[in-house]
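This report concerns only the one structure given below.
The values are calculated or read from the model by the stated rules, or taken from the named source; none is laboratory data. Just so it is clear, the model here is predicted, and its values are computed rather than measured. Ideal geometry is used to build each Cβ from the backbone, glycine not excepted, and the neighbour counts take in all protein chains shown.
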Amino acid sequence: MAAFFDHWSEVPANDWRWPHFTPREMACRRSGKLLLTPEFLDALEALRATVNRPLPVTAGYRDPEHNALVSSTGKTGPHTTGRAADIAISGEDAYALLGAAIRAGSFTGIGLNQRGPHAGRFIHLDTLSPTAAPRPRVWTYG
């Protein structure tokens, strides 16, 4: 069951069971708010164990106002659900993560941005309901 926190620092330490991620990195970069969705974090933690490498999160939860500022998905995009994260990754590591995410079977959305400088490349992962809205399971950003 999801839980909402007005600031990531309010998450009780004993409620955080994902050793490779922190409340701070999963929280909105603009407001510090956090929508904690355990099922998504369980899938992300399992993926991290599979690839056995750090998965730096550049965007986790975004409050609706922040998402409207930075994404074409507006106030209701995947990041506003607490079920999405962008992982900073490029090159061969990105290819390996893509394969592992597909094999995991728990991610219903996988977006690839591998253009431009390596520092800005990422893979988007989400566990939105596949019936929520028609969309491809894997896509690239244009």
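Miscellaneous remarks
- Contact annotation: residue pairs with Cβ atoms under 9 Å, 6 or more positions apart or on different chains, pairing a residue in the stretch 1-16 that is in contact (Cβ under 8 Å) with a residue 12 or more places away in the chain with a partner that is of a type in the set (S, T, N, Q) and not in a helix (DSSP H, G or I), are Met1/Thr37; Ala2/Thr37; Ala3/Thr37; Asp6/Ser31; His7/Ser31; Trp8/Thr22.
- Condition check for Thr131 on (1) farther than 13 Å from Pro78 by Cβ; (2) at pLDDT 95 or above: one failure, at (2).
- Scope the stretch 68-96; condition in a helix (DSSP H, G or I) and either under 13 Å from the mean Cα position of the chain (by Cα) or closer than 18 Å to Pro23 by Cα (or both); matching residues: Pro78, His79, Thr80, Thr81
- Odd one out for Gly116, checked against (1) without any contact (Cβ under 8 Å) to a residue 24 or more places away in the chain; (2) part of a helix (DSSP H, G or I); (3) not hydroxyl-bearing (Ser, Thr, Tyr): (2)
- The set of residues in the stretch 38-67 being over 14 Å from the mean Cα position of the chain (by Cα) and farther than 22 Å from His118 by Cα consists of Ala49, Thr50, Pro64, Glu65, His66.
- Of the residues making up the stretch 97-111, those that are free of Cβ contacts under 8 Å to residues at least 40 places away in the same chain and under 21 Å from Thr80 (Cβ atoms) are Thr108, Gly109, Ile110, Gly111.
- Scanning the stretch 97-107 for residues that are touching a Leu at 6+ places or on another chain (Cβ under 8 Å) and assigned to a helix (DSSP H, G or I) yields Leu97, Leu98, Ala100, Ala101, Ala104.
- Here Asn67, Asn52 are screened, and the one residue that is on the phi > 0 side of the Ramachandran plot and modelled with pLDDT of 95 or more is Asn52.
- Residues in the stretch 1-58 that are β-branched (Val, Ile, Thr) and in a strand (DSSP E or B) were compared, and the one that is surrounded by the fewest Cβ atoms within 10 Å (Cβ to Cβ) is Thr58.
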